[in-house]
Amino acid sequence: MDRKKHWETIYETKSPREVSWYQEHPNKSLQFFKDIGAGVDAQVIDAGGGASTLADHLLQEGYRQITILDVSARALERAKQRLGERAKNVRWIEGDVTQVNLEPFSYDIWHDRAAFHFLTQAGDRERYVRTLEKSLKPGGHLRLSTFATDGPPRCSGLDVIRYSAEGLERELGEKFRLIKSVDDIHRTPFDTQQNFIYCHFQKVT
């Protein structure tokens with residue numbers, strides 16, 4: 001499967017509000033930033049952020065070092081159009097998280113809501129974790145959110161892997177310590193239910 005082609009097609013044929021994971025107000029993600037006491041100068045990357053509204057809210061909160069990484073150029077373009085002039089205050093990277101070359105130890109916070117669970121091949125997950133390890137600073141924070149074990153087995157025409165907190169711990173390895181996990185029920189724009197797990201990890205080395 002050509003990952004880039006798939007997601008370009010999704011965002012060419014659907015608006016951001018027509019995808020199941022859409023959130024107008026990403027309250028749990030925003031609460032995470034408050035819980036860890038992140039300052040507005042923190043270097044933040046939203047992996048798979050695409051057309052998410054997280055950047056809008058972080059900009060409103062005064063964050064100045066925001067990077068959005070996504071494989072879909074169309075998703076990024078939709079976000080830029082929505083933000084208008086504020087888009088120039090965000091760094092936009094078009095790239096596959098399993099292949100992109102990010103600067104070493106450059107981020108304080110890595111945020112991923114609903115991207116990692118699409119990586120059904122072990123090699124892709126290993127490359128994701130290597131990129132994460134390389135680019136997140138020691139002591140940096142990771143917010144990783146996936147479908148829970150009782151969540152949907154497929155999304156946007158693709159199979160996913162559903163996780164428990166323990167399952168995500170195993171994928172990340174010993175360099176990451178689980179701080180907290182929270183279950184959540186996401187109500188989609190179509191009024192269906194998706195069970196998520198939100199995990200907070202900290203990089204220990």
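The values are calculated or read from the model by the stated rules, or taken from the named source; none is laboratory data. Just so you know, these numbers come straight off a predicted model, no measurement behind them. For neighbour counting, all protein chains shown are included, and Cβ atoms are generated from backbone atoms with ideal geometry for every residue, glycine included.
Considering only the range 34-57, state which residues are out of contact with any Pro (no Cβ under 7 Å at 6 or more places or on another chain) and of a type in the set (A, V, I, L, M).
Answer for the range 34-57, where residues must be out of contact with any Pro (no Cβ under 7 Å at 6 or more places or on another chain) and of a type in the set (A, V, I, L, M): I36, A38, V40, A42, V44, I45, A47, A55.
Taking into account only those residues within the range 138-165 that are of a type in the set (A, V, I, L, M, F, W, C), in contact with a helix residue (DSSP H, G or I) (Cβ under 8 Å, 6 or more places away or on another chain) and not in a loop (DSSP other than H, G, I, E, B), which is nearest to Y22 (Cα to Cα)?
For the range 138-165, the residue satisfying everything is C155.
Across the range 130-154, what is the total count of residues that are hydrophobic (A, V, I, L, M, F, W, C) and over 13 Å from the mean Cα position of the chain (by Cα)?
2
Note down all Cβ pairs under 9 Å where the first residue falls in the range 35-49 and is without any contact (Cβ under 8 Å) to a residue 60 or more places away in the chain, the second is of a type in the set (A, V, I, L, M, F, W, C), and they're at least six residues apart or on different chains.
V40/L58
Quick test of your reading of the structure: G48 fulfils all but one of (1) on the phi < 0 side of the Ramachandran plot; (2) at pLDDT 95 or above; (3) not acidic (D, E). Name the failing condition by number.
Unmet condition: (1).
Could you list all residues from the range 101-136 that are of a type in the set (A, V, I, L, M, F, W, C) and either within 19 Å of A55 (Cβ to Cβ) or in contact with a Lys or Arg (Cβ under 9 Å, 6 or more places away or on another chain) (or both)?
Passing the criteria: L102, F105, I109, W110, A114, A115, F116, F118, L119, V129, L132, L136.
Which residues, counting only those in the range 189-205, are surrounded by fewer than 15 Cβ atoms within 10 Å (Cβ to Cβ) and in contact (Cβ under 8 Å) with a residue 12 or more places away in the chain?
Those that are surrounded by fewer than 15 Cβ atoms within 10 Å (Cβ to Cβ) and in contact (Cβ under 8 Å) with a residue 12 or more places away in the chain: F190, T192, V204, T205.
Among Q23, Q60, which is at pLDDT below 95 and closer than 26 Å to D108 by Cα?
Q23 is the lone residue from the list that is at pLDDT below 95 and closer than 26 Å to D108 by Cα.
Name the residue, out of L119, L142, that is out of contact with any strand residue (DSSP E or B) (no Cβ under 9 Å at 6 or more places or on another chain) and buried (at least 21 other Cβ atoms within 10 Å of the Cβ).
Checking each option against the conditions leaves just L119.
So which residues in the range 163-174 are over 19 Å from D150 (Cβ atoms) and buried (at least 17 other Cβ atoms within 10 Å of the Cβ), if there are any at all?
The answer is L172, and nothing else.
In the range 175-188, what count of residues is obtained for those that are under 20 Å from T131 (Cα atoms) and either surrounded by 19 or more Cβ atoms within 10 Å (Cβ to Cβ) or in contact (Cβ under 8 Å) with a residue 24 or more places away in the chain (or both)?
Qualifying residue count, the range 175-188: 3.
So that you can scan it fast, the table gives a plain yes or no per residue for (1) surrounded by fewer than 21 Cβ atoms within 10 Å (Cβ to Cβ); (2) farther than 22 Å from Y198 by Cβ:
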| site | (1), (2) |
| --- | --- |
| A38 | yes, no |
| A42 | yes, no |
| G49 | no, no |
| L58 | no, no |
| Q65 | yes, yes |
| R78 | yes, yes |
| W92 | yes, yes |
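Regarding D150, is this residue modelled with pLDDT of 95 or more and over 23 Å from E24 (Cα atoms)?
yes
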